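Each reported figure results from applying straightforward, stated rules to the coordinates on display, with no laboratory input. Every value quoted in this text rests on a predicted model; they were computed, and no experiment measured them. Ideal geometry is used to build each Cβ from the backbone, glycine not excepted, and the neighbour counts take in all protein chains shown.
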Amino acid sequence: MGWADEHLHTFSIRGRRYGEAQEGILQFCTVANELPLTAFHLREHEGFVYVYDFNAWWRHEIRMERRMLRQRPGQLPRCVAGCGPCPPEDIGGIERYLEARNEHSEYEFLDWIESLRERPIVLEDLRDEVDRWLTWLDRRFNRQTANDRLRELEG
């Protein structure tokens, strides 16, 4: 799973919104990618809000944990914690995501495995189905993936 920057998004920092300017759509006073995070001089434990996909309204609260002198290039910003996996790009919001997650629970997975006995197995189809199930069954937050994405954006 993961997002591919296909939807409008905004950052709300100190009461001001920063986003992506697109013709005929919402306009923001400043385009988000024109300002680095360091331009805000956030204090330790100060936070801001990031919203991705205005239809689904994926709201993230982000907090500056600690300010550090930059020791090595490419080290900051860095994600230190999170909760849960990233929902699929066009799942349709939190309600639809929770429904889909319930439809792909461990119990439903066991039922699906049991159903394999009842039909002939086409190996290529089975691989695709297993991949879909594994995506939903892994409910961990992957901090390494988040930090890899941050490094890509910084580069």
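Just the C-alpha atoms of segment 65-155: what Rg/Rh do they give, with Rh taken as the Kirkwood radius? Let's see the in-between values first.
Working: Rg = 18.6 Å, Rh = 16.3 Å.
Radius of gyration over Kirkwood radius for segment 65-155 works out to 1.14.
Relative contact order of segment 9-154, please, whole-number percent, based on alpha carbon pairs below 8 angstrom and at least 6 residues apart.
Working: 133 pairs, mean separation 28.2, N = 146.
Over segment 9-154, the number comes to 19 percent.
With θ set to phi - 60° and the Karplus curve 6.51 cos²θ - 1.76 cosθ + 1.60, what are the ³J(HN,Hα) couplings of segment 125-140 in order, to the nearest whole Hz, using x for Gly and Pro?
5, 4, 4, 4, 5, 4, 4, 4, 5, 4, 4, 7, 6, 7, 9, 8
What is the Cα radius of gyration of the chain over 2.2 N^0.38 Å, N being its residue count?
After normalising by residue count via 2.2 N^0.38 Å, the value is 1.31.
Taking the DSSP beta bridges in segment 9-154 as the whole, what percent of them are antiparallel, to the nearest 5? Let's see the in-between values first.
Values: 14 of 16 bridges.
Antiparallel bridges: around 90 percent, rounded to the nearest 5.
Angle between the Cα long axis of helix 106-115 and the longest principal axis of the chain, 0 to 90 degrees, nearest 10?
30
Report the residue, chosen from Ile113, Ile94, Ile121, that carries the largest GNM mean-square fluctuation when the chain is represented by alpha-carbon nodes joined by springs under 10 Å.
Maximum fluctuation in the GNM of the chain, among the listed residues, is at Ile121.
Placing +1 on the Cβ of each Lys and Arg and -1 on the Cβ of each Asp and Glu in segment 9-154, which of Asn142, Ala81, Ile13 has its Cα farthest towards the positive end of the resulting dipole?
About the Cα centre, the residue reaching furthest to the positive side is Ile13.
Compute the signed sum of charges (Lys and Arg +1, Asp and Glu -1) over the other residues within less than 15 Å, Cβ to Cβ, of His7.
Local net charge: -4.
Nearest 10 degrees, 0 to 90: what angle lies between the long axis of helix 143-154 and the longest principal axis of the chain (Cα atoms)?
50
For segment 9-154, with the dipole built from +1 on Lys and Arg beta-carbon atoms and -1 on Asp and Glu ones, taken about the Cα centre, which of Pro120, His45, Thr30 lies farthest toward the positive end?
Going by the Cα projections, it comes out as His45.
Count the net charge of all other residues whose Cβ sits under 14 Å from the Cβ of Asn102, scoring Lys and Arg as +1 and Asp and Glu as -1.
Taking every other residue near Asn102 into account, the sum is -3.
Give the range of the longest stretch in the chain that excludes all trypsin sites (Lys or Arg not before Pro) found in loop regions by DSSP and having at most 14 other beta-carbon atoms within 10 Å.
For trypsin sites (Lys or Arg not before Pro) (loop position, at most 14 other Cβ atoms within 10 Å), the longest site-free span of the chain is 79-138.
Note down the magnitude of the dipole of the chain about its Cα centre, charges +1 on Lys and Arg C-beta and -1 on Asp and Glu C-beta and zero elsewhere, to the nearest 20 debye.
On the way: 22 positive and 29 negative charges, 273 e Å.
The dipole magnitude comes to about 1320 debye.
Please identify every one of the GluC sites (Glu not before Pro) in segment 57-155 that sits in a loop by DSSP and has no more than 16 other beta carbons within 10 Å of its own beta carbon. Before the final figure, lay out each step's value.
Values: sites: Glu61, Glu65, Glu89, Glu95, Glu99, Glu103, Glu106, Glu108, Glu114, Glu118, Glu124, Glu129, Glu152, Glu154; in loops: Glu65, Glu89.
Within segment 57-155, the qualifying GluC sites (Glu not before Pro) (loop, at most 16 other Cβ atoms within 10 Å) are Glu65, Glu89.
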